[in-house]
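The numbers here are math on the coordinates, done by the rules we state, and not lab data. Bear in mind that the values here come from a model prediction, so they are computed numbers and not experimental data. Every residue, glycine as well, gets a Cβ built from its backbone with ideal geometry; the counts of neighbours run over all protein chains shown.
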Number of protein chains: 2
Amino acid sequence: MPEFFNVLPPDDAFESLRERLTARVQAEAVPVSEALGRVTACEIVSAEDLPSFPRSTMDGYSVRAADTFGATESLPAYLELAGEVPMGQPPAVSLRPGQAARAFTGGMLAEGADAVVMEENTQRAGETTLEALRPVAPGENVLQVGEDVRSGEVVLPSGHLVRPQDVGALTALGITQVQAARRPVVSIVSTGDELVAPGETPGPGRVRDVNSYTISALVEKHGGIPIPLPLVKDDYDAQRDAALRGIEQADVLVFSAGSSISSRDLTASVLDGLGSPGVIVHGVSLKPGKPTIVALVDGKPAFGLPGNPVSAMVVFDLLVRPTLCLLRGLDPPPRPAAVSARLTRDVASAAGREDHVQVRLDGVRGGVPTAHPVFGKSNLIYSLVRADGTVRIPPDRTGLYAGQDVEVRLF
Amino acid sequence: MPEFFNVLPPDDAFESLRERLTARVQAEAVPVSEALGRVTACEIVSAEDLPSFPRSTMDGYSVRAADTFGATESLPAYLELAGEVPMGQPPAVSLRPGQAARAFTGGMLAEGADAVVMEENTQRAGETTLEALRPVAPGENVLQVGEDVRSGEVVLPSGHLVRPQDVGALTALGITQVQAARRPVVSIVSTGDELVAPGETPGPGRVRDVNSYTISALVEKHGGIPIPLPLVKDDYDAQRDAALRGIEQADVLVFSAGSSISSRDLTASVLDGLGSPGVIVHGVSLKPGKPTIVALVDGKPAFGLPGNPVSAMVVFDLLVRPTLCLLRGLDPPPRPAAVSARLTRDVASAAGREDHVQVRLDGVRGGVPTAHPVFGKSNLIYSLVRADGTVRIPPDRTGLYAGQDVEVRLF
């Protein structure tokens, strides 16, 4: 498997993985208070009505609506004050015609009442007499039983990413535990004869491993559990051992290849020999990120990312991130966060491949932030630090112009 | 402290807190591998050059550039192959004039070389003879020492939110630990005679506590540590005890008030009496969210959020979220994630207050997602579940029109 003859556009590369990928991580029970950022593994159905009793939406007086019909400021409806219904308590008051009872926002109405007159539309006329200055319709200022949620209603679909309000909404129904997709485990292997661990001082020709750490953080950010494995030399047997160990204990294997061609070819051979069907994508028409490998190992996805840190990050975003989404049941994978911005300089690109150009966001001009291209070789890790995101140049374009509005994928 | 006489626009409410808030959380040492999402508490300076040796950016041959000047395909420069410099090793080869040595991407050059000819621009002419088909300039295809980062350079400023690439970039320099702002601790107290815990079945007039859970998840999402405290009744002494206990063990206190006016007034009195200067904002010209209280308690911010879950979430986003940012040293607080969308229906609004309307995002039309207003009373927690974000209607507008382009703050 030498060079890259049959490169695919990134979207097609992802599609060819997606159509073969049937694996999903298993579900596990998760307390709702720890469910933020997790993905529901089945529909969640309400077992009760919410609210479970008619609730006042105002501070005021619960009444029989008919008693207020025709009331005006000059000719108010006179009602007898029959008591109040305190917060959190059932009504001890039952309204006879012509009566009203004090009601509080979120509280129950008096027995027999069907509406609430807002406090602002009433006036006291003595110890036990109330003037209603406006009519209310039956049901006015009242949340009806089941108005928020009905018993039997699906409140969250399967494959839903749990947000803060979902946590509160589940507790409102007394649901304190959900079935959620297990966080996918990702084994990460950095390869290359030149690599040393970050705690070491690299000797001549050596550099510290960067990709294990960047990729681990990306996996964590996207809801997975990273397992960085020890560094591996450019040696077939050593890489194969690491790959087999890695894929056995994980849902996904990410190999960060060495940067030379021979080292990449080695990675491709290793990933191809791990299981069936082996390598399914060998090269992507993408800059940076062409020497990318995608394999399926007996159902588990394995990626060979380019060794250059910028390439590795772009390819992670285009291929690994959406794969983690699929495994968690987020299908289709949500689009990454992006902002609109205006390009400050021309950017050239070769037709026939997709370019991802790093940009730094800056001050707003004409209501739009400006995007400055950060030029730099793809082996400069600090170009990623200086940038805020990337702009995609489609394969049918030969560049973008200064002043053009672009979408910046944030990273 | 009865009703809200002197309400402030939300931005002014935040400003009046910000100008009085000097507290910042302390710094602590954090391993770089756990620093994702943390905020740097001091400048991080590189102690070395990166790269630390001239690195080839290509697979090819390191040469003395002058030896290739004038080379063309028809008249190549003939070079003697003097060996190779393997990955991760110092050069054992020293080039004499007219010589070349094999070089690998990311590897060192031979002693005496000052440029690299790409493999594609060479041709072998026998065992030890190489033809260079194009000239290279000195430094071409070589990353110079310090080209990525120079020793002494500030690589991350103080107050920087650590992203995956920052993690990798720090390890590239051998930095395995950073000083980061401690995660701010937020005590959360839900109040109201009607509340029961989610595990309980509420009796008549009772409802389960929602806001402790929503607010805890919001705090977690925005980098804080939530401490939900037990539910408290609408009783001054009980609330004061809970508030004192809450603020003592935390950096921020969030009270979720009951929804009736008397209950809100109670919260305001409690927050005002905790410490100096007490309540600084009493009511915000905002819908939903008017009955919001902001206090400073001997330097610590305390919030009284409205009891309605929708109001509580909107006010958290406008006031509590940016406060957590300031405490962590993220100043100015970053804008929340947003997308552009086109409104599908007219939305009315009262002039003189800021309205935040919930919307659900839907299919793309004309290149822009559509935003459907989700109408619902602010005590419907499930309207938050059905929505994807909010659209702000400024105080000087009386509404927005169908077809108008709006910014949706995602939640």
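Calculate the length of the line joining the C-alpha centroid of the range B:250-320 to that of the range A:315-338, in whole Å.
Here the two parts' Cα centres lie 38 Å apart.
Expressed as cubic angstrom per residue, what is the convex hull volume of the alpha carbon set of the range A:55-143?
Numbers: hull volume 6.3 nm³, N = 89.
Value for the range A:55-143: 71 Å³ per residue.
At most 13 other Cβ atoms within 10 Å plus a DSSP loop assignment makes a site exposed; report the longest stretch of chain A without any exposed GluC sites (Glu not before Pro). All intermediate terms of the calculation are to be shown ahead of the outcome.
Values: sites that count: A:E3, A:E19, A:E43, A:E73, A:E127, A:E200.
Of all site-free stretches, the longest is A:201-411.
Test of understanding: express the Cα radius of gyration of the range B:14-168 as a ratio to 2.2 N^0.38 Å, with N the residue count.
Details: Rg = 23.3 Å, N = 155, 2.2 N^0.38 = 15.0 Å.
Here the answer is 1.56, to two decimals.
For the pair A:R386/A:A351, report the inter-label distance in nm, with labels modelled 7 Å from Cα in the Cβ direction.
3.2 nm
Using every pair of alpha-carbon atoms in the range A:260-299, split the distances into 10 Å bins beginning at 0 and state the percent of pairs per bin, rounded to integers.
32, 51, 17
For A:V145 and B:D298, what does the FRET efficiency come to when R0 = 30 Å and r is the distance between their Cβ atoms, rounded to the nearest 0.05?
Numbers: r = 46 Å, r/R0 = 1.52.
The pair A:V145/B:D298 has a calculated efficiency of 0.05.
Quote the charge dipole size of the range A:338-410 about the Cα centre in Debye, to the nearest 20; the model charges only the Cβ of Lys and Arg (+1) and of Asp and Glu (-1). Don't skip to the end; give the middle numbers.
Details: 10 positive and 8 negative charges, 35 e Å.
So the dipole magnitude of the range A:338-410 works out to roughly 180 debye.
Quick one: label points 7 angstrom along Cα→Cβ at B:P157, distances to the other copies in nm, smallest first?
4.2
Checking the a/c ratio against 1.5 first, then a/b against b/c, what shape does the Cα gyration tensor give for the range B:258-363? The partial results should precede the final answer.
On the way: a/c = 2.71, a/b = 1.47, b/c = 1.85.
The shape class here is oblate.
Give the nm distances, rounded to one decimal, from A:A351 to the matching residue in every other copy, measuring between label points 7 Å along Cα toward the beta carbon; shortest first.
Once sorted, the set of distances for A:A351 reads 5.6 nm.
Given Cβ point charges of +1 (Lys, Arg) and -1 (Asp, Glu) and nothing else, what value in debye, to the nearest 20, does the dipole of the protein assembly as shown about its Cα centre take? Working shown, then result.
Working: 74 positive and 100 negative charges, 89 e Å.
It comes to approximately 420 debye.
Between B:E15 and A:S16, how high is the FRET efficiency from 1/(1 + (r/R0)^6) when r is the Cβ-Cβ distance and R₀ = 45 Å? Nearest 0.05.
Numbers: r = 53 Å, r/R0 = 1.18.
Step by step, r from the Cβ atoms, then E = 0.25.
Which of B:C42, A:V320, B:L286 sits farthest toward the positive end of the charge dipole of the protein assembly as shown, with +1 on the Cβ of Lys and Arg and -1 on the Cβ of Asp and Glu?
Towards the positive end, the residue furthest out is B:L286.
If you take every residue apart from A:E153 with its C-beta less than 15 Å away from the C-beta of A:E153, what net charge results, scoring Lys and Arg +1 and Asp and Glu -1?
Values: positive: A:R150, B:R386; negative: A:E43, A:E48, A:D49, A:E147, A:D148, A:D166.
That sum, taken over residues with Cβ under 15 Å, equals -4.
Can you find, among B:L21, B:A65, B:P51, the residue sitting farthest towards the positive end of the charge dipole of the range B:1-88, where Lys and Arg contribute +1 and Asp and Glu -1 at Cβ?
Farthest along the dipole direction, towards plus: B:L21.
State the percent of C-alpha pairs, over all pairs in the range B:1-56, separated by a distance greater than 13 angstrom. Don't skip to the answer; put the middle values down first.
Numbers: 1211 of 1540 pairs.
Value for the range B:1-56 (Cα pairs over 13 Å): 79 percent.
For B:S340 and B:Q26, FRET efficiency with R0 = 35 Å and r from the beta-carbon atoms, rounded to 0.05? It would help to have the intermediate numbers written out before the result.
On the way: r = 39 Å, r/R0 = 1.12.
Efficiency, from the Cβ-Cβ distance: 0.35.
Once amide H atoms are built 1.01 Å from N in the peptide plane, which residues 5 or more positions from A:A338, or in another chain, come under 5 Å H to H?
Correct list: A:L410.
For the protein assembly as shown, I need the span (max minus min coordinate) of the C-alpha atoms along each principal axis, in Å, sorted largest to smallest.
That gives 114, 53, 45 Å along the principal axes, largest extent first.
Given contacts defined as C-alpha pairs under 8 Å and at least six residues apart, what's the relative contact order of chain B, whole-number percent? Let's see the in-between values first.
Numbers: 994 pairs, mean separation 66.9, N = 411.
After rounding, I find 16 percent.
For the rotation that brings chain B onto chain A, whose beta-carbon in chain B is nearest the axis, and what is that distance in whole angstrom?
In chain B, the Cβ lying nearest the symmetry axis toward A is B:A337, 3.
Per residue of A:194-207, count partner chain C-beta atoms within 10 Å of its C-beta, then hand back the mean as an integer.
6
Would you please classify the overall shape of the range B:338-410 from the alpha carbon gyration tensor, given that a ≥ b ≥ c denote the square roots of the eigenvalues, rounded means a/c under 1.5, and beyond that prolate means a/b larger than b/c while oblate covers the rest? Could the numbers behind the result be given before it?
On the way: a/c = 1.91, a/b = 1.14, b/c = 1.68.
Taking the square roots of the gyration eigenvalues as a ≥ b ≥ c, the range B:338-410 is oblate.
Considering Cα pairs under 8 angstrom that are at least six residues apart, work out the relative contact order of the range B:254-341 and quote it in whole percent.
Numbers: 124 pairs, mean separation 20.9, N = 88.
Computed over the range B:254-341, the figure is 24 percent.
Using a label point 7 Å beyond Cα on the Cα-Cβ vector, give me the inter-copy distances for B:L244 in nanometres, one decimal, shortest first.
From this label point to the equivalent ones elsewhere in the assembly: 6.7 nm.
Compute the relative contact order of the range B:184-337 as a whole-number percentage, counting only Cα pairs closer than 8 Å that sit 6 or more residues apart in sequence.
Taking the mean separation of contacting Cα pairs over the length of the range B:184-337, I get 23 percent.
Explain nothing, just compute: Karplus ³J(HN,Hα) = 6.51 cos²θ - 1.76 cosθ + 1.60, θ = phi - 60°, for every residue of the range A:144-156 in order, whole Hz, x for Gly and Pro.
7, 4, x, 5, 7, 9, 9, 4, x, 6, 6, 8, 9
What angle, in degrees between 0 and 90 and rounded to the nearest 10, separates the Cα long axis of helix B:236-248 from the longest principal axis of the Cα atoms of chain B?
The angle comes out near 20 degrees.
Which value, in debye to the nearest 20, gives the size of the charge dipole of the range B:151-231 about its Cα centre, when Lys and Arg are +1 and Asp and Glu are -1 at the Cβ? Kindly include the intermediate steps, with their values, before the conclusion.
Working: 6 positive and 7 negative charges, 26 e Å.
Using Cβ point charges on Lys, Arg, Asp and Glu, the range B:151-231 gives about 120 debye.
Relative to the compact-globule scaling 2.2 N^0.38 Å, provide the ratio for the alpha-carbon radius of gyration of chain B. List each step's numbers first, then the result.
Values: Rg = 31.1 Å, N = 411, 2.2 N^0.38 = 21.7 Å.
After normalising by residue count via 2.2 N^0.38 Å, the value is 1.44.
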